[in-house]
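Let me begin by presenting the structure, written as structure tokens, before commenting on it.
Every read-out reported here was derived from the displayed coordinates using simple, explicitly stated rules and does not represent laboratory data. Predicted, not measured: the structure shown is a model, and the values here were computed from it. Here the Cβ is made from the backbone with ideal geometry for all residues, glycine too, and neighbour counts use every protein chain on show.
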Ligand SMILES: [Fe+2]
Ligand SMILES: [Fe+2]
């Protein structure tokens, strides 16, 4: 293990309370939050494109102050509970204190995984809105490791490369553990637990790269959604052909013949979310 490694993890864990979202999403929220024709669902859709802003709003809704400790599982409910004034305050502080930024690739992967989780949720009897939230937040630990240790994490990205087979994901976990003494899954779950997120959501994030014989509906939706978002890239935009072997990336219970339609659904849903920012 490298000497600087634990310091990165410790720095992240001690600073996460001050994390702020990428300012563009927060500014988008601020630009229309006062419009009469906008409701909590619209605000949730825009806000959910930023995992850190989403986390901050969820954390606030689950805080002891609101008396819901750990029971608010969706962003829509959180925004309705908090009210627009509080949500706006959170967005303002995010813009002002913008200390964390999510790379475009991480942002896109979060959106696509959220869309994929929600597309797959009914198949695993998982709640669609919770599946969307867990997909949006699942790699928050990875985004933080990248930000705090860009050079070190770039070396880990090299190991994972553009392939997303289970073998390359295992190599990524091992490399993260050797360098940081933790993995992005554990780090993300640790942070979200400390913000009083529902345990089912934290547990799904903690295990999203593990083989889990006791997987619950949300675990299956997240693992499936993560894989489906990778498969979407392997397939490309036309959904007709895939040059790489992908059998071990198929979500549980999904047949290869179902992929084109599922990928089309995920891409349509992702575009709906991304379009809000154009
Ligand atoms: Fe991940
Ligand atoms: Fe992921």
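What is the list of residues in segment 135-162 whose amide nitrogen lies under 14 Å from a point 7 angstrom out from the Cα of residue 108, following Cα to Cβ? Inside the label zone: 162.
If you take the beta carbon distance between residue 14 and residue 213 as r and set R0 to 30 Å, what does 1/(1 + (r/R0)^6) give as a FRET efficiency, to the nearest 0.05? Here the calculated transfer efficiency is 0.30.
Computing FRET efficiency as 1/(1 + (r/R0)^6) for residue 45 and residue 168, where r is the C-beta to C-beta distance and R0 is 30 Å, gives about 0.40.
Expected output is a single nm value to one decimal: the length gained when fully extending between residue 63 and residue 37, i.e. 0.36 nm times separation in residues minus the C-alpha distance. What is it? Could the numbers behind the result be given before it?
Working: separation 26, 0.36 × 26 = 9.36 nm, distance 2.88 nm.
So the extension gain works out to 6.5 nm.
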